[in-house]
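The values are calculated or read from the model by the stated rules, or taken from the named source; none is laboratory data. Since this is a predicted model, take the numbers as computed values, not measurements. The accessibility values were calculated without ligands, DNA or RNA, using every heavy atom of the protein model including side chains. Shrake-Rupley method; radii C 1.70, N 1.55, O 1.52, S 1.80 Å.
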Amino acid sequence: MEVYELIEDAKEARSLSYSPYSHFAVGAAVILKDGRIFLGANIENASYPLCMCAERNAIYNAMMNGATSDDFMALAVVADTEYPCSPCGACRQVLSELFPHQAPIYMANLKGDVQETNMDELLPFAFSGDDI
Ligand code: THU
């Protein structure tokens, strides 16, 4: 897997963003161990809380095509930010449940900055189903 290519896929996803309210377009791409790639962009709504983030759309897109948590290899997210675009708190909670905690997450921006992280770093001490 080429990190650069996954980020390019995330940029392609970003071009599909529907963000007329924030004007902040985000793209994400998740690659499976079998090489398949699924895209997500943020999709907003006039009822603001209904906005859905790019990362969650990418993960849900993959799952709606049969992927399970075990299949995920890496995720890239990109936006036009000063620093590499960081997943929001809601996405961190969802990723914590669905995305392998040590799998790479590449945060990127349009300037070419890339920072690698993972869920262990992004959401330590996460609340999970084990706590219920
Ligand atoms: N957004 C994402 O898609 N991913 C993030 O991790 C940060 C926020 C979207 C949600 C909303 O459509 C816009 O960016 C502004 O918050």
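How large is the accessible surface per residue of the chain, computed with a 1.4 Å probe and reported in Å² as a whole number? Present the calculation step by step, with values, prior to reporting the outcome.
Values: 7140 Å² over 132 residues.
Value for the chain: 54 Å² per residue.
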Apply the Debye scattering formula to the chain, with a single equal point scatterer on each alpha-carbon and no solvent, then give log10 I(q)/I(0) at q = 0.15, 0.18 Å⁻¹.
-> -0.64, -0.93
Which percent of the accessible heavy-atom area of the chain goes to carbon and sulfur, probe 1.4 angstrom?
-> 53 percent
Go ahead and set up a Gaussian network model of the chain, Cα springs under 10 Å, then flag whichever of 26, 78, 114 fluctuates most.
-> 114
